[in-house]
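Data first, discussion second: the structure below is written as structure tokens.
The values are calculated or read from the model by the stated rules, or taken from the named source; none is laboratory data. In this text, all values refer to a predicted model and were calculated from it rather than measured experimentally. Reconstructed Cβ throughout: ideal geometry from the backbone, glycine too, with neighbour counts over all protein chains shown. Accessible surface areas use protein heavy atoms only, side chains included; no ligands, DNA or RNA. Shrake-Rupley method; radii C 1.70, N 1.55, O 1.52, S 1.80 Å.
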Amino acid sequence: MAKDVLLEDINPQQKEAIIHSKGPLLVLAGAGSGKTRVITRKFAYLVKKKKYRPSSIFTVTFTNKAAGEMKERIRGFIDQDIKQSWVGTFHSQCNKILRKEITALGYKPDFSIYDDSDQCNLIRHILKELKIYEALYKGVASRISILKSSLVSPQEFLSQGDGFSFDEKLGRVYLKYQDELKRCNALDFDDMIMLTVKLFEDHPKIRNKYHELFPYILVDEFQDTNRAQYRLLQLLTSAEKNICAVGDDDQSIYKFRGADVSNILNFEKDFPDAKIIKLEQNYRSTQNILDVSGAVIAKNPKRKSKKLWTEKGCGEKIFYCRTNSEEEEAKYVARSIKDLYLKGNYEYKDFAVLYRINLQARAIEDALRGETIPYHVVSGISFYHRKEIKDIISYMKLIINRDDNVSLRRIINSPSRGIGASTISKIEQEAKKSSQGLFAAAKSMLKANSVAASIKDKLSELVKTIERISATSYKTAADMLKDIVERTGYIDEIEEERLQNILELVSSAENIHVKDFADRVSLLAVNDEPEHKASVSLMTLHSAKGLEFPVVFIIGMEEGILPYFKAIDDVSEMQEERRLFYVGMTRAKDVLCLTGVKRRRLYSKVQEQEPSHFLRDIPKECCHWVEKIQQKQETAQGPIKVPPKKIAPLYIIGSRVKHPSWGVGIVRDCCGEGTDAKITVNFPGIGLKRLAAKFANLEKM
């Protein structure tokens, strides 16, 4: 490896950010400006040139995927083992701290971690108990999360002195929820940050211990931090203030999750001696895309100004097309994708269709299917949130932590043991009476003379199974999972697909310690799921952050959609919508296409739509404007079209074929049936050829 490899292939601003190693530093990294390169090389620079130990640099980002990529890149630069390094998400870092220190807060170190579904299940149970409308559980969970991310405890909320709009019922639920979590020896995701903050604020000796352990702090995606995360970073920063925060205020789009853009805007006030470095050279997009997105975001008043530029050239103009309806919009998008694909310059994986709200996806999916274009919807159900996976993991969590009431409620009758609501109610009454967890209460009931023999028989099997597994020593998590599946008889009642998912889970747990695996699964998020590599990506604008695609379509450029109608009378929300649009535009590398409609069906009602006022900010010289709203629309009295029966294509798209004159080519399209089929093939050096299958004399390879 060359001596100065860390400082090769970088621009002057990136170099300045990498070698700055004393005092606070804010790196304002514009979209596509190579921030990951800066962070990973800065980590390696601190280790190789400044002699920091890899385990002494506290490095946080927002997804497990990003953390994994960071570690891989760092490994390529330094010759030291980084297995013990502190590179991870806020939640995984706090988990490591709390596993060691949480006894100072009155918890046991084998606490369970509740994900979103566990949290919602517990809140639903509390709402039912308090006789509050159970269907409100999602809204209640969201509001509690915002309170926690703002470091507002139940007691502070109930005192009404916190500046939040007060809701007495919410306060009661929040207080009960925290009590139940403590009783279960469980933490939700927000607790992991809030309790670590409390740990450092209430215990200076522990805080000083971590000051010595972490002389340097690196923060990725700083614009996405909430109040609790920022407070954590402030408490972790030692007297030398060696903190490097990398982010872009123009890409702060998670206010609904509690993210506070003022953290990055106020960094210089909180760290008065901070050095500011702007990364403005973009390595992703063409200049036209940068000029258009820059003109839009410049209208936001509270921001750190940046002027992005690139060496890629001007590139294609931005396309904007307005159609009559969402069906026409979707067909326009699908045909455009098909046309660009058939030209041979792009694969289907190079395309993304972005939208503001999920219901916009339906028409796009229909149109893509109509053109036989493969696609996938990003942020669908996570593998780890499938019922069978959650069930098996809940067994594991209960075995590790017998106080985990949420996990017990989930598995008490899964597989079916004939334990109904009345039995569960009796267990809960016993737990309240004796001030113990549900599992301990169930054990007590087995010894009570007052409990019916039928109930004892049902509970006995479950209690014995849990205790037998608990008493067994397992080398790996896979061994425990196999035992759980066998002893509980879970797979006896499930279909093949669910069985395969469980086998996949067991396979993923090989060579991993039980508690490490339980933590890993609990801390996983949807955006850590595997990528789809051969199809068009459909996703919300929020899900697109951090991604890039050669060709991007942003649909629904209308008032009430983008910007969303809830933001229209709120200045800060409107600024967030503008940032969201900016994030969407800057995902595009080569081609950016915007679409909107004249009429859209929203919530079962067709309504007239006005073009988004964001479009007014786009320089006209950078854009092609197309109106397709004069076409005659079909009436309800028109003939009903019966969809044709699907027949397997003669040639599979993407397969290789050989022509007697032009050699080997790739099949780009195939339409029609049998010998009447027409096939489009891309031959290297020749180009696209559209051929009749019966005359083409093609050989499948």
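Calculated mean residue ellipticity at 222 nm for the chain: -12500 deg cm²/dmol, from DSSP H runs with n ≥ 4 weighted as -39500 (n - 2.57), summed, divided by the residue count and rounded to 500. Counting every alpha-carbon pair across region 215-263, the share separated by more than 13 Å comes to 55%. Taking the Cα centroid of region 398-433 and of region 350-374, what is the distance between the two, rounded to the nearest whole Å? Cα centroid of region 398-433 versus Cα centroid of region 350-374: 43 Å apart.
Site pair VAL571 and LYS49 shows an inter-label distance of 4.3 nm when each label is modelled 7 Å from Cα along Cα→Cβ. The order of the peptides 72-82, 399-409 by mean Cβ neighbours within 10 Å, most packed first, is 399-409, 72-82. Region 437-462 and region 249-293 have Cα centres lying 58 Å from one another.
Only lysines eight or more places from LYS48 in sequence, or on another chain, were considered; those with a Cα closer than 24 Å are LYS3, LYS15, LYS22, LYS35, LYS71, LYS83, LYS241, LYS275.
Using a probe of 1.4 angstrom and keeping all protein chains present, the accessible surface of the chain works out to 47 square angstrom per residue. The C-alpha atoms of the chain define a longest principal axis, and helix 438-447 lies at about 40 degrees to it. Computed over Cα pairs, the Kirkwood radius of region 1-100 leads via Stokes-Einstein (1.306 mPa s, 10 °C) to a diffusion coefficient of 111 µm² per second. Take HIS613: with every protein chain present and a 1.4 Å probe, its accessible area is about 40 Å². In this simple spin-label approximation, ALA534 and GLU699 carry label points 7 Å from Cα along the Cα→Cβ vector, and these lie 2.3 nm apart.
Note on THR372 and GLU504: the model spin-label points, each 7 Å out from Cα along the C-beta direction, lie 2.7 nm apart. For the chain, give the percent of accessible area contributed by carbon and sulfur heavy atoms, probe 1.4 Å, rounded to a whole number. So the carbon and sulfur contribution to the accessible surface is 50 percent. Ranking VAL597, ILE39, SER655 by Cα position along the charge dipole of the chain, where only Lys, Arg, Asp and Glu carry charges on their C-beta atoms, puts ILE39 farthest toward the positive end. Treating cross-link reach as a plain straight distance, find the lysines whose alpha-carbon is under 19 Å from the alpha-carbon of LYS598, omitting any fewer than eight places away in the same chain. Those lysines meeting the cut-off are LYS331, LYS628, LYS632.
The spacing between region 476-521 and region 173-197, judged by their C-alpha centroids, is 27 Å. Taking 0.36 nm per residue of separation and subtracting the current Cα-Cα distance, fully stretching the chain between ARG172 and LYS456 would add 98.8 nm. Rounded to the nearest 20 debye, the dipole magnitude of the chain is 580 debye, with +1 charges on Lys and Arg beta carbons, -1 on Asp and Glu beta carbons, and the Cα centre as origin. With a Förster radius of 22 Å applied to the C-beta separation of ASP81 and ILE512, the computed FRET efficiency comes to 0.75. One quarter of the surface of the convex hull around the alpha-carbon atoms of the chain equals 37.3 nm², the direction-averaged projected area. Stretching the chain fully between LYS22 and GLU201 yields a gain of 61.9 nm (0.36 nm per residue, less the alpha carbon separation). Sparsely packed loop sites in region 159-220 (the GluC sites (Glu not before Pro) outside DSSP H, G, I, E and B with at most 16 other Cβ atoms within 10 Å) do not occur.
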